[in-house]
Amino acid sequence: MFSYVFMKILEMRPGSYDARMDRVSKGRVRAVKEAVAGEILAGGHVLEIGCGTGELAAMMIQRGATVDGFDLSPAMLAVAGKRIEDEGLGGRFSVRPLGVDGMDRLPDRAYDAVVATLVLSELSDDERRFAIKHAARVLKPGGRLVVADEVAARSMSRRLFQALIRLPLMALTYLVSRALTRPLRNLTNEVAAAGLVVAKEARSHGDAFALVVARRPGEETD
Ligand SMILES: C[S@@+](CC[C@H](N)C(=O)[O-])C[C@H]1O[C@@H](n2cnc3c(N)ncnc32)[C@H](O)[C@@H]1O
């Protein structure tokens with residue numbers, strides 16, 4: 001449940017990121033990605049925000065999608081590039097170095113789905129709102145935004161428990177990586193504020209993790 005706190009440490013070694021994330025989370029991160037991929041329609045054109053090493057992209061491609069991924073980290077993208085070579089994903093998976101602050105350069109209404117797993121919790125408040133706003137803009141009418149990330153639990157007592165457990169883990173993470181992640185406090189409201197209709201919010205991991213699916217109003221793409 002709290003393995004996500006260590007993400008920034010694990011990202012320091014991109015070549016082993018997926019394997020170690022899977023081990024630390026006891027397979028939960030892989031299961032989360034399978035659930036996200038399950039929300040993507042076959043034949044869809046998908047934008048993946050912070051695609052990292054491309055593990056999720058490969059799952060979506062297996063289900064018939066084509067994926068444009070971007071990420072701030074050249075080292076993570078190098079692993080994604082190797083995956084494209086090794087798994088023969090060329091033509092179905094493209095990656096480029098880009099931060100979410102460059103999302104305003106992406107075309108309007110171009111994608112059937114936009115996905116972000118374990119990325120929004122790494123962003124500042126301004127970056128996160130900017131990313132959600134432009135995710136909504138680049139979706140075709142009827143297209144889906146799928147977000148999976150650590151969130152603040154809904155009840156005060158669970159939030160307190162979450163904070164108490166996270167605190168020492170955060171201190172360790174910060175000491176090693178000089179970076180932190182933050183559980184999202186207001187994800188569904190921020191998604192709705194961008195003009196999307198929240199269709200699903202599935203909570204797990206003791207209410208501390210959410211899979212959110214939202215749709216851009218208009219004609220369905222499925
Ligand atoms: C925890 S990893 C998750 C990677 C991938 N989504 C996954 O689920 O395996 C977070 C990723 O977000 C990327 N990232 C962090 N801040 C970003 C930003 N401002 N713009 C684009 N990517 C960013 C990191 O480089 C990293 O690859």
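What does a probe at LYS133 reach in segment 96-123, counting residues whose amide N is under 11 Å from the point 7 Å along Cα→Cβ?
Of the residues in segment 96-123, 104 have backbone N under 11 Å from the label point off LYS133.
With the chain treated as a Gaussian network of Cα nodes joined by springs under 10 Å, which of SER25, SER155, SER121 yields the largest mean-square fluctuation?
SER155
Counting pairs of alpha carbon atoms under 8 Å apart in space and at least six apart in sequence, what relative contact order in percent does segment 3-215 give?
Numbers: 379 pairs, mean separation 42.1, N = 213.
Reported as a whole number, the value is 20 percent.
With every protein chain present, what accessible area does ASP22 have (1.4 Å probe, heavy atoms only), rounded to the nearest 10 Å²?
Around 50 Å² of this residue is reachable by solvent.
Using each residue's phi in segment 152-159, evaluate 6.51 cos²θ - 1.76 cosθ + 1.60 at θ = phi - 60° and report the 3J(HN,Hα) Karplus result to the nearest Hz, with x for Gly and Pro.
Using θ = phi - 60°, the values come out as 6, 4, 7, 8, 4, 5, 5, 4 Hz.
Total Lys pairs in the chain closer than 30 Å by alpha-carbon, pairs eight or more apart in sequence or interchain only?
13
Counting every Cα pair in the chain, what percent are over 28 Å apart? Intermediate values should be presented prior to the final figure.
Numbers: 5859 of 24531 pairs.
When every Cα pair of the chain is considered, 24 percent fall beyond 28 Å.
Residues in segment 63-80 near a label at ARG105, defined as backbone nitrogen under 19 Å from the 7 Å Cα→Cβ point?
It comes to 68-78, nothing else.
Under 18 Å from a point 7 Å along the Cα-to-Cβ line of GLU85: which residues of segment 5-19 have their amide N that close?
Taking a point 7 Å out along Cα→Cβ of GLU85, the residues of segment 5-19 whose backbone N falls under 18 Å are 14-17.
Calculate the length of the line joining the C-alpha centroid of segment 28-86 to that of segment 161-222, in whole Å.
19
When Lys and Arg each count +1 and Asp and Glu each count -1, what net charge do the other residues less than 10 Å away from GLY69, Cβ to Cβ, add up to?
Numbers: positive: ARG96; negative: GLU48, ASP68, ASP71.
Here the charged neighbours net out to -2.
Give the residue from VAL29, LEU98, ALA42 lying farthest towards the positive end of the charge dipole for the chain; charges sit on Cβ (+1 for Lys and Arg, -1 for Asp and Glu) and the dipole is referred to the Cα centre.
Going by the charge dipole, the pick is VAL29.
Among SER157, SER94, SER204, which one shows the highest mean-square fluctuation when the chain is modelled as a Gaussian network with alpha-carbon springs under 10 Å?
Largest GNM mean-square fluctuation: SER157.
Test of understanding: in a Gaussian network model of the chain with alpha carbons linked when under 10 Å, which of GLY206, GLY142, GLY195 would top the mean-square fluctuation ranking?
GLY206
Antiparallel as a % of all DSSP beta bridges within segment 3-215, to the nearest 5? Don't skip to the answer; put the middle values down first.
Numbers: 14 of 34 bridges.
Antiparallel: roughly 40 percent of the beta bridges in segment 3-215.
At 1.4 Å probe size, with every protein chain present, just tell me what the per residue accessible area of the chain comes to in Å². List each step's numbers first, then the result.
On the way: 10240 Å² over 222 residues.
Computed with neighbouring chains in place, this is 46 Å² per residue.
Using a 1.4 Å probe over the heavy atoms of the protein chains, calculate the carbon and sulfur portion of the accessible area of segment 3-215 as a whole percent.
Values: 5290 of 9590 Å².
The value for segment 3-215 is 55 percent carbon and sulfur by accessible area.
The values are calculated or read from the model by the stated rules, or taken from the named source; none is laboratory data. This one's a predicted model, so the numbers in the text were calculated from it and none came from an experiment. When we count neighbours, we look across all protein chains shown, and the Cβ atoms used for this are built from the backbone with ideal geometry, even at glycine. Just so you know, the surface numbers come from the protein's heavy atoms only, side chains and all, with ligands and any DNA or RNA stripped out. Shrake-Rupley method; radii C 1.70, N 1.55, O 1.52, S 1.80 Å.
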